[in-house]
Every structure is written in C-alpha cells, then in structure tokens.
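What follows is calculated from the coordinates using simple rules that are stated; it is not laboratory data. Just so you know, these numbers come straight off a predicted model, no measurement behind them. Positions of Cβ are backbone-derived with ideal geometry, glycine not excepted, and every protein chain shown enters the neighbour counts.
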Ligand code: DQA
C-alpha cells in the first residue's frame, strides 16, 4: 500500500532556494521524512518531483491504480493549474495539499489555490513537518482499506 508524494516546480532546489523562507531541508530530506512517516503506518511512499505540469498530471493519473492517497505540494502550479486540479478530481483519491510556507501570509497571488476544494485537507506553514501530518492523516483516513 502506498501514498504518492508529488512535488512541483522548483522544489528540487529546496535546501538552497530562499532558505529564509523554505528552510534548509532538501527534497531528499523531505522524502526521507515522508518514507519514515509512512513506514510507521506500514505504508510506503512513491515520489515524483517535476518542473513540468504535464508530468505532474501523468503521475497523478498513475496513482489511480497503485496509491491509497496523494500528498501534493504543487508549488507555483497551485495558483495556476486547472489541469492539476482536474487530475486530482479525476482519480478520486483522497489528496492533501501541502505548502512549506504559510501562503496566506505571503503575496496575494499565493492566497488562491485551484487545488484546495478538491483536496481533503490543506496544510500550510508547518514547514517540512506538513508532509508528515499529511501522511498521518491519509494513513488514518484509509486505515480500513487494504489497497
Ligand atoms: C509553496 C508555496 C508556493 O506559493 C510557491 O510557488 C512554491 C512553494 C510552498 O511549499 O510554500 O514554490 O508551495
């Protein structure tokens, strides 16, 4: 049983990207955090990071067959992408939207998300821990399902 963890554009640069905003954890650190959190629930994670919108859409489609749920930090595509939103709706898996920063305390263009209302939960501003909270929540939500 696995959870798909999706990271969008520029998150491959975590650790060196504006560390005063995003912290010093790398994407590898975050993926290890996710794997550990999933393991505590007897689950696994599949990871995808892409700077391309269509690659993220493809990964979400593939989750339909093999995942219990989706954790997604779509990064800047959060604020622009109807395609990613429609992919989340299409696969009918529980999804949790995660942002490292508190997007509501930032520029107004980050306050709107195309994803939030098709996600079961939204976690913003908790730093990398937000990914762990998302996995704990999905594990609890899908506890009785053995996919
Ligand atoms: C982000 C917030 C987005 O507004 C931004 O474009 C990102 C990262 C976050 O994790 O805080 O790239 O999703």
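Values as computed for the structure displayed
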read-out	value
Cα-Cα pairs of the stretch 2-141 separated by more than 19 Å (percent)	44 percent
FRET efficiency, 1/(1 + (r/R0)^6) with R0 22 Å, evaluated for residue 18 and residue 112 via beta carbons	0.55
Distance between the stretch 16-40 and the stretch 122-147 - C-alpha centres, whole angstrom	15 Å
Computed FRET value (nearest 0.05) for residue 66 with residue 31, which takes r as the C-beta separation and R₀ as 25 Å	0.90
Computed over the chain: relative contact order in percent, which uses C-alpha pairs under 8 Å that are six or more apart	28 percent
